[in-house]
1. Quick one: is Ile371 more than 22 Å from the chain's Cα centre (by Cα), more than 10 Å from the ligand (Cβ to nearest atom) and either open to solvent by less than 30 Å² (accessible area, probe 1.4 Å) or of a type in the set (Phe, Trp, Tyr) (or both)?
2. In this structure, does Val327 turn out to be in contact (Cβ under 8 Å) with a residue 40 or more places away in the chain and either of a type in the set (A, V, I, L, M, F, W, C) or assigned by TED's automatic domain parsing to the domain that holds Glu252 (or both)?
3. What are the pairs with Cβ atoms under 6 angstrom where one residue, in the stretch 193-222, is within 7 Å of the ligand (Cβ to nearest atom) and the other, located anywhere, is open to solvent by 50 Å² or more (accessible area, probe 1.4 Å)? Sequence gap at least six, or different chains.
4. Where in the stretch 265-336 are there strands (runs of 3 or more DSSP E), lying wholly inside it, with at least 3 residues that are away from the ligand (no atom under 14 Å from the Cβ) and among the small types (Gly, Ala, Ser)?
5. Return the residues of the stretch 223-259 that are away from the ligand (no atom under 15 Å from the Cβ) and either without any contact (Cβ under 8 Å) to a residue 12 or more places away in the chain or in contact with a helix residue (DSSP H, G or I) (Cβ under 6 Å, 6 or more places away or on another chain) (or both); say none if nothing qualifies.
6. Quick check on my filter: what residues within the stretch 152-168 are out of contact with any Gly (no Cβ under 7 Å at 6 or more places or on another chain) and closer than 21 Å to Leu387 by Cα?
7. So in the stretch 348-360, with the set limited to residues that are open to solvent by less than 60 Å² (accessible area, probe 1.4 Å) and near the ligand (Cβ under 10 Å from one of its atoms), which one is farthest from Asn381 (Cα to Cα)?
8. Residue by residue through the stretch 98-137, note down the ones that are over 25 Å from Ala156 (Cβ atoms), surrounded by fewer than 20 Cβ atoms within 10 Å (Cβ to Cβ) and not aliphatic (A, V, I, L, M).
Amino acid sequence: MLTGKKITLGITGGIAAYKTAELVSGLVKNGADVRVVMTASAQKFIQPQTFSALTGNEVYTDIFHSSHQSGVLHINLAQDADLLVVAPATANIIAKAANGIADDLLSTIILAANIPVIMCPAMNTVMYRKPVVQMNIQKLKEYGTSFVGPSSGKLACGAQGTGRMSEPDEILEAIKNFFNPDLKGLNVLISAGPTREPLDPVRYITNRSSGKMGYNLARAAAERGANVVLVSGPVNLLPPERVELIKVETAEQMYKVMKEKFLETDIVLKAAAVADYRPKIMAGEKIKKDNDSLTLEMVKNPDILLELGKMKRHQMLVGFAAETNNVEEYARKKLEQKNLDMVVANNVSETGAGFDVDTNIVTIICRDGRIKKLPIMSKYNAAHRILDEIIKYRGEKAVE
Ligand code: PMT
């Protein structure tokens, strides 16, 4: 998949440097020719010999490298490659890159690069949140640098938060997608998160959807070159890069936006958990607790997917099914009832699946009867596997 691709891979001084060995191994297994550049700090965490053994190439650590003319080395590594990846990228290298500082081999390569650059940040969460770091990242994005991660979780310093380098398989996936954007030019419409159905000005009915499944689908589709519109209920997530985000609250608002966008869409993925009912009346004032009981009359919300199924022409329609029992049977019913091409079933009663967790366990069922059961994996990886099946399905339809 990466055969013949030349990748210059910069490693800076962070504990995540040990994970870069796995990344390099994955790149080499996929056929890439990897040339590794390490900063002095990176070498405190992992030995250059590890990377020379993995790549079969010399590892570069010094701008005044003995076996090269200094003037040629950094230009070669910066320009005679298809991609420059920095993993892990510390706050320091990000700051240098954002401000044109070139005081060692790697920072000089970054400044001299006329090839695409992907940075994979890794740092303490407080550092990552510092306005100056965010400003540097923003600046680099504006200059055209892409970022993979960081992700959230337990950091090397023991703190919990955002700042972990993305897992090697995620970075590898992003690099493969960079070279093979198989959704390029396609318009993908994704819904994510819960809807919020108001009772009065301060209260609402909602569900436990965090939006993670839908946001990971949006991220994965954008990485694969799609033009992504993400219609999101209220969640606490940052929108993925290169995605158009449209925020909604209620099912009716989500319906309106999805309908408007549907005609110009090629693929729809409905990962949102839409409220089936809403209170018939939204009280104009806060409801008082004057009575011992309160009866709410609920009315049905539009079934967005069902309506899109009726409007379907060339679009591929993918629904999700959150079930607690007879998962496949109920999912297939939804596929038929809503005129879907594919349904992604998750048994939300299983540990590590469904609402508000970082992982999912999904079964992908196609209209043609094909079925793929996936083991537990991160929602990001599940998103890519779902997109793989979509591409396969579209490919088979095209040759029918
Ligand atoms: O957001 P996370 O915390 O990451 O959790 C992910 C998830 C569990 C929400 C997601 O994986 C998922 O299963 N989403 C669908 C949840 C759901 O509402 O399932 P359902 O079986 O009730 O609905 C079936 C399909 O019809 C869904 O695609 C849903 O978006 C759609 N629907 C449902 C009701 C409605 N009124 N309109 C709809 O479009």
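1. Judged against the criteria, Ile371 is not a match.
2. On the way: in contact (Cβ under 8 Å) with a residue 40 or more places away in the chain: no; either of a type in the set (A, V, I, L, M, F, W, C) or assigned by TED's automatic domain parsing to the domain that holds Glu252 (or both): yes.
Answer is no for this residue.
3. Arg208/Phe355; Arg208/Asp356; Ser209/Phe355; Ser210/Asp356; Gly211/Leu237
4. Details: elements: 267-270, 277-279, 298-300, 316-323.
Per the criteria, no element qualifies.
5. Of everything in the stretch 223-259, those that are away from the ligand (no atom under 15 Å from the Cβ) and either without any contact (Cβ under 8 Å) to a residue 12 or more places away in the chain or in contact with a helix residue (DSSP H, G or I) (Cβ under 6 Å, 6 or more places away or on another chain) (or both) turn out to be Glu223, Arg224, Val228, Val229, Arg242, Val243, Ile246.
6. The one that is out of contact with any Gly (no Cβ under 7 Å at 6 or more places or on another chain) and closer than 21 Å to Leu387 by Cα: Glu167.
7. Initially, the stretch 348-360 is screened for residues open to solvent by less than 60 Å² (accessible area, probe 1.4 Å), giving 348, 352-354, 357, 359-360.
Going one step further and asking which of them are near the ligand (Cβ under 10 Å from one of its atoms), we end up with 348, 353-354, 357, 359-360.
Values: Val348: 18, Ala353: 13, Gly354: 14, Val357: 14, Thr359: 9, Asn360: 9 Å.
If we take residues in the stretch 348-360 being open to solvent by less than 60 Å² (accessible area, probe 1.4 Å) and near the ligand (Cβ under 10 Å from one of its atoms), then Val348 is farthest from Asn381 (Cα to Cα).
8. Asn99, Gly100, Asp103, Asn114, Pro116, listed by residue number.
The values are calculated or read from the model by the stated rules, or taken from the named source; none is laboratory data. Everything quoted here is computed from the prediction, not taken from an experiment. Neighbour counts are summed over all protein chains in view; Cβ atoms, including those assigned to glycine, are modelled from backbone coordinates with ideal geometry. Keep in mind that these areas ignore ligands, DNA and RNA; they rest on the heavy atoms of the full protein, side chains included. Shrake-Rupley method; radii C 1.70, N 1.55, O 1.52, S 1.80 Å.
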